[in-house]
Amino acid sequence: MMNKEKGWNFDNSYERLPKSFFTSHNPTSVLAPKLIILNEPLAESLGLNVEEMQSEDGVAVFAGNRIPEGASPLAQAYAGHQFGHFTMLGDGRAVLLGEQITPSGERVDIQLKGPGRTPYSRGGDGRAALGPMLREYIISEAMHALGIPTTRSLAVVATGEAVIRETALPGAILTRVAASHLRVGTFQYVAKWGSVEELQILADYTIKRHYPDIEADENRYLSLLQEVIKRQAALIAKWQLVGFIHGVMNTDNMTISGETIDYGPCAFMDAYDPATVFSSIDRQGRYAYDNQPYMAGWNLARFAETLLPLLHDKQEQAVELAQDAISNFSKLYQANWLEGMRAKLGIFNEEIEDESLINDLLTLMEKNQADYTNTFRALTYDKREEIDLFGIPEFSQWYELWQARLSRQEESKASVQQLMRNSNPAVIPRNHRVEEALEAAVEQGDYSVMERLLNVLSKPYAYTPEKKDYCTLPAPSNQPYRTFCGT
Ligand code: AMP
Ligand code: MG
């Protein structure tokens, strides 16, 4: 249903699924909505009229105070393994307004995060605080600019109401745009509490929405599993390559589309340390940097389990098919990672020893607490003196080996540098920069710091002089950086 003036163009396919998959539910109105930020380029690509979105009526939509024409709000049901424990969840602080059909014919979910309690809320208030919503905005948009599949952030509005956490904080609502909100946890919910027919409906819906090419495959459910595994292997490799730590890779936070979702306690690594954990609740390091590929495989095994009744009539054979598919994940991941690492070092062709060349550099970085992003950037721009490892004899040896490796390929120095420039971000959302932007925004109502940061992060691979400030490391601190779930 096209609403010409504003550009909303909803078609709500999820609502046509079995009623047990969701609960129709409207957002709860808020007192005094104020637009904090609108993602204009994203709004335009969705076919939305930017001016209208900034008007009182437009902002009322992002606040949950007005339902746009054609929307049909609902909260989705899902389950999930949270830190390994299976539980019923569902949208406890989110409402899906509907699916926007974009001018290019894409279908995307438009979801409000923080619009009040829903039937799935359990103990929480269904609300969100301004700081964490702006944090999701900054980091998801940075991920997008880095070329990493992710949900996007369309707008943040302040609600004019306080949310009570440890203290009272200003409330806000984020409008999130996603290929869909289908999660491993959605399948877990239907597999556990629904019928096999419902499971098949969900799987067919997913295939149609995200993997239409496999619709005619002989065993399309096996193809679905294989395709999701492929996308996740590619996604997690991309995280590792930029030093992104998700922080809460529960099965409800793993999408079937292959997008990164749920920016709670995530953060980027500074000094290279595979054991890095930022989240204050991840005490065991379950979701530590170097555990992410393993945990992704674990989540995908849970996904495979949900599909068993569809994979084969005989359980034994279904299990065998699932296991084969799952065992492929680590190979696919490793191949993606190696390809990405070769590119980070300007390597075009393949040699068996590449992996040890890469690992030797990482070991040196770990031993000397070298900054991950800055090391690769300095190698890219041949600024050896800027590398934390400069002057260390083992590094000089490694550097010679690397140079010799580069000379064993045909590509020119210029193409090597081009490949490295495209593979090594000059800037990432450094934790202290993100905190500084949030503090100015939340404490002083000054959004200029965040706007500058967003601007720099929108072209992360280009190393321009004004970026220099954004590459510097935080002042040394006795306290390691900690993140919180942001509920
Ligand atoms: P998350 O940690 O954001 O993945 O959320 C896990 C579950 O907790 C989901 O079911 C959320 O909807 C729910 N949840 C998180 N925060 C709140 C809140 N403030 N009120 C109600 N439910 C919440
Ligand atoms: Mg979640």
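Structure values in brief
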item: Top-ranked residue of the range 88-112 - restricted to ones that are away from ligand 1 (no atom under 12 Å from the Cβ) and among the β-branched types (V, I, T), ranked as surrounded by the most Cβ atoms within 10 Å (Cβ to Cβ); result: I110
item: Which listed residue is outside the structural domain of L169 (by TED's automatic domain parsing), open to solvent by 10 Å² or more (accessible area, probe 1.4 Å), aliphatic (A, V, I, L, M) and over 26 Å from L406 (Cα atoms), from L419, L453, L438, L457; result: L438
item: Those residues of the range 141-162 which are crowded, with 24+ Cβ neighbours inside 10 Å and in a helix (DSSP H, G or I), in sequence order; result: A142, M143
item: Single unsatisfied condition, G264 versus (1) within 16 Å of ligand 1 (Cβ to nearest atom); (2) crowded, with 21+ Cβ neighbours inside 10 Å; result: (2)
item: Candidates H81, H85 - the one that is within 14 Å of ligand 1 (Cβ to nearest atom) and out of contact with any Lys or Arg (no Cβ under 9 Å at 6 or more places or on another chain); result: H85
item: Helices (runs of 4 or more DSSP H) wholly inside the range 295-380 containing at least 2 residues that are basic (K, R) and in contact with a Leu (Cβ under 8 Å, 6 or more places away or on another chain); result: none
item: Matching residues, the range 303-320, being within 18 Å of E198 (Cα to Cα) and open to solvent by 20 Å² or more (accessible area, probe 1.4 Å); result: E305, L308, P309, L310, H312, D313
item: Of the criteria (1) in contact (Cβ under 8 Å) with a residue 40 or more places away in the chain; (2) over 22 Å from Y333 (Cβ atoms); (3) not in a helix (DSSP H, G or I), which one E218 fails; result: (1)
item: Cross-chain or 6+ apart pairs with Cβ under 9 Å, the range 473-487 first and at pLDDT 80 or above and open to solvent by less than 80 Å² (accessible area, probe 1.4 Å), then within 16 Å of ligand 1 (Cβ to nearest atom) and part of a loop (DSSP other than H, G, I, E, B); result: Y481/F278; T483/G247; T483/G264; T483/P265; T483/C266; T483/F278; T483/S280
item: Pair list, Cβ under 9 Å, 6 or more apart: the range 123-149 residue touching a residue at least 60 places away in the same chain (Cβ under 8 Å) and among the polar types (S, T, N, Q), other residue open to solvent by less than 30 Å² (accessible area, probe 1.4 Å) and more than 15 Å from ligand 2 (Cβ to nearest atom); result: S140/S153
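Okay, residues lined up against (1) touching a residue at least 40 places away in the same chain (Cβ under 8 Å); (2) farther than 27 Å from S153 by Cβ:
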{"site": "T276", "(1), (2)": "no, no"}
{"site": "P293", "(1), (2)": "yes, no"}
{"site": "Q323", "(1), (2)": "no, yes"}
{"site": "F329", "(1), (2)": "yes, yes"}
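A quick yes/no check of all residues on (1) in contact (Cβ under 8 Å) with a residue 24 or more places away in the chain; (2) under 22 Å from L401 (Cβ atoms); (3) not aromatic (F, W, Y):
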position: W337; (1), (2), (3): yes, yes, no
position: I352; (1), (2), (3): no, yes, yes
position: N359; (1), (2), (3): no, yes, yes
position: L362; (1), (2), (3): yes, yes, yes
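The values are calculated or read from the model by the stated rules, or taken from the named source; none is laboratory data. What you see is a predicted model, and the numbers here were worked out from it, not measured in a lab. Cβ: placed from backbone, ideal geometry, glycine included. Neighbour counts: every protein chain shown. Keep in mind that these areas ignore ligands, DNA and RNA; they rest on the heavy atoms of the full protein, side chains included. Shrake-Rupley method; radii C 1.70, N 1.55, O 1.52, S 1.80 Å.
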